1. I need a count of the residues in the stretch 20-29 that are assigned to a loop (DSSP other than H, G, I, E, B) and either loosely packed, with under 10 Cβ neighbours inside 10 Å or touching a helix residue (DSSP H, G or I) at 6+ places or on another chain (Cβ under 7 Å) (or both).
2. Give the residues of the stretch 39-60 that are surrounded by 10 or more Cβ atoms within 10 Å (Cβ to Cβ), more than 17 Å from Ile28 (Cα to Cα) and either out of contact with any strand residue (DSSP E or B) (no Cβ under 7 Å at 6 or more places or on another chain) or small (Gly, Ala, Ser) (or both), sorted by residue number.
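No value in this document is a laboratory result; all are computed from the given coordinates. Bear in mind that the values here come from a model prediction, so they are computed numbers and not experimental data. So basically every Cβ, Gly included, is an ideal-geometry build from the backbone, and we count neighbours across all protein chains shown.
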Amino acid sequence: MQDLGRLLLVMGGILVVLGIVLTLAGRIPWLGRLPGDIRIQRDNFTCIVPLATSLLLSLLLTVVLNVVLRILRR
């Protein structure tokens, strides 16, 4: 039961951090407007494909998770 309790606490912490990040993401002016992001606007239609933003966030998360995992292994 202790392992399940710890797992639930960790998952809850991850959800809180993710919620904070998503709440603050709208305040970052360049997020979703990088060169390489595709934006198609018509009269009543807008399609946004954030390719460059996705690559940048993926790279950033990979570096952060690798650092965290290296710290936890010691």
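1. 3
2. The answer is Leu59, and nothing else.
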